[in-house]
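Notes to accompany the following structure.
The values are calculated or read from the model by the stated rules, or taken from the named source; none is laboratory data. These numbers come from a predicted model, not from an experiment. Positions of Cβ are generated from backbone atoms using ideal geometry, with glycine treated the same way; all protein chains shown enter the neighbour counts.
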Amino acid sequence: MEYFEKPICSDYHTREILAGLKVNVPDKEIYRNILRRWDGIAKPLDSMGRFERMTAKIGAILGTEEIDIGKKAVVIMCADNGIVEEGVSQSGQEVTAAVAAQMGKGSSSVGKMAAKIGADTIPIDIGINCEESIPGTFSHKICRGTRNFRKEPAMSHEEAIQAVLVGINVAASCKQRGYRLLATGEMGIGNTTTSSAVAAALLDCDPNEVIGRGAGLSDEGLYRKRQIIGETIARYQLAGADPIHILESVGGLDIAGLSGICIGGALSHIPIVLDGVISMTAALLAERIVPGTVQYLVASHRGKEPAVEKLTRELRLEPVIDGEMALGEGTGAVMMMALLDMALCIYQEGNSFSEIRVAPYERYAERKHILSEREDALEEASP
């Protein structure tokens with residue numbers, strides 16, 4: 001895995017270069033053919049529900065009807081957030097490095113879950129507040145955490161761009177190493193505060209509608225969190241602002257890196273499975289920076305944070321798992337990978353109607369609209 005320790009490339013230097021990136025639409029004919037192949041498997045029509053559409057989307061992204069996601073990984077962006085100085089989290093920054101160390105050993109929650117399904121874990125130190133390197137993590141440290149955005153912008157313009165590029169380049173490296181599916185994960189105390197601020201600004205909504213308790217804030221802590229985010233969005237005039245300006249003002253290095261993973265997945269034609277609210281915030285940021293990125297994204301679960309509903313509606317993605325999860329690290333996305341594996345075993349190995357000598361189901365006229373809706377699903381995500 002030493003490949004991920006190489007310095008990131010410096011092909012992109014400015015916001016203008018990022019804005020010039022273009023995403024191709026996944027192969028629509030392959031998408032339709034996969035849906036037709038699902039109809040030929042000996043089962044009731046549409047009986048695998050959304051998994052039929054999701055696997056068709058994955059095949060269209062990979063450019064093949066013979067879908068193989070055997071080589072997969074969860075990429076975990078780890079970074080600290082200066083805003084924790086304001087008492088918006090139960091824990092201190094030292095927890096970020098401690099959990100990242102467990103990730104490096106494969107013994108954190110996401111590491112254990114990923115090992116169970118044969119997925120690799122790729123923890124990236126993009127901004128942990130420590131001097132020493134953490135064994136098992138790959139260092140692309142931009143700086144030792146962001147600054148306290150209540151007092152000053154979280155990061156410089158250059159730092160924000162560099163952090164996005166880390167994600168783009170890690171995704172490209174994964175493509176070169178043969179990965180067929182990536183999940184997004186994160187670790188960073190205070191990152192539900194940064195993600196809430198970024199989400200509220202991108203969605204141009206009342207911050208109180210998207211701010212939750214994170215890892216268990218008290219009523220007093222939640223009130224303070226809402227107050228700080230509301231004041232800061234107004235001070236920096238972030239409502240509906242340029243996405244990079246939002247990122248550098250109140251974002252986190254982990255969010256920036258994850259947005260780069262999403263963009264890099266779209267550029268490299270790798271499907272990206274999103275985790276919870278922080279990943280979804282990064283996904284919306286990515287879509288605003290490079291329109292069309294969302295066509296390469298798959299939602300996994302509905303977390304506890306109130307921003308999730310607004311983000312999924314804006315992205316036009318529909319999570320499958322509704323387990324009230326809030327663990328983070330990429331655990332929900334890894335769980336989704338396991339479900340995709342199970343769905344694909346039917347797609348790849350299911351019997352045809354002729355093999356079991358049963359007449360195929362017919363799609364009657366009054367239900368033909370379902371086929372049309374399925375085939376239009378990829379079209380709806382197109383820019």
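Residues in the range 26-40 that are at pLDDT 95 or above and not in a helix (DSSP H, G or I) were compared, and the one that is farthest from the chain's Cα centre (by Cα) is ASP27. Scanning the range 130-181 for residues that are in contact with a Ser or Thr (Cβ under 6 Å, 6 or more places away or on another chain), farther than 24 Å from LYS71 by Cβ, small (Gly, Ala, Ser) and in contact (Cβ under 8 Å) with a residue 12 or more places away in the chain returns a single hit, ALA154. Checking LEU267, LEU203 one by one, the residue that is farther than 26 Å from CYS143 by Cβ and surrounded by fewer than 24 Cβ atoms within 10 Å (Cβ to Cβ) is LEU203 and no other. Do we have any residue at all in the range 352-362 that's assigned to a strand (DSSP E or B), touching a strand residue (DSSP E or B) at 6+ places or on another chain (Cβ under 8 Å) and surrounded by fewer than 21 Cβ atoms within 10 Å (Cβ to Cβ)? Taking every residue of the range 352-362 in turn, at least one turns out to be assigned to a strand (DSSP E or B), touching a strand residue (DSSP E or B) at 6+ places or on another chain (Cβ under 8 Å) and surrounded by fewer than 21 Cβ atoms within 10 Å (Cβ to Cβ). Being at pLDDT 90 or above, more than 23 Å from ILE168 (Cα to Cα) and in the same structural domain as MET103 (by TED's automatic domain parsing) holds for only one residue in LEU339, LEU311, and it is LEU339.
When the range 342-373 is filtered for residues that are modelled with pLDDT of 60 or more and among the basic types (Lys, Arg), the ones remaining, listed by number, are ARG357, ARG363.
So which residues in the range 143-177 are surrounded by 24 or more Cβ atoms within 10 Å (Cβ to Cβ) and over 20 Å from the mean Cα position of the chain (by Cα)? Across the range 143-177, the qualifying residues are GLY145, THR146, PHE149, ALA154, MET155. Restricting to the range 182-199, count the residues that are in a helix (DSSP H, G or I) and in contact (Cβ under 8 Å) with a residue 60 or more places away in the chain. Of the residues in the range 182-199, 8 are in a helix (DSSP H, G or I) and in contact (Cβ under 8 Å) with a residue 60 or more places away in the chain.
If you check GLU220 against the conditions, is it surrounded by fewer than 22 Cβ atoms within 10 Å (Cβ to Cβ), touching a residue at least 40 places away in the same chain (Cβ under 8 Å) and part of a helix (DSSP H, G or I)? So GLU220 fails the test.
Among the residues of the range 96-147, those identified as in a strand (DSSP E or B), under 21 Å from VAL164 (Cα atoms) and either touching a His at 6+ places or on another chain (Cβ under 7 Å) or not aliphatic (A, V, I, L, M) (or both) are THR121, PRO123, ILE124, ASP125, ILE126, GLY127, PHE138, SER139.
Among the residues of the range 99-116, are any crowded, with 17+ Cβ neighbours inside 10 Å and within 28 Å of GLU220 (Cβ to Cβ)? Yes - at least one qualifying residue is present in the range 99-116. Return the residues of the range 273-321 that are under 20 Å from MET187 (Cα atoms) and without any contact (Cβ under 8 Å) to a residue 24 or more places away in the chain; say none if nothing qualifies. If the condition is that a residue be under 20 Å from MET187 (Cα atoms) and without any contact (Cβ under 8 Å) to a residue 24 or more places away in the chain, then ARG302 is the only one that fits.
Among the helices (runs of 4 or more DSSP H) contained in the range 237-348, which hold 2 or more residues that are under 14 Å from the mean Cα position of the chain (by Cα)?
253-268, 277-289, 307-315
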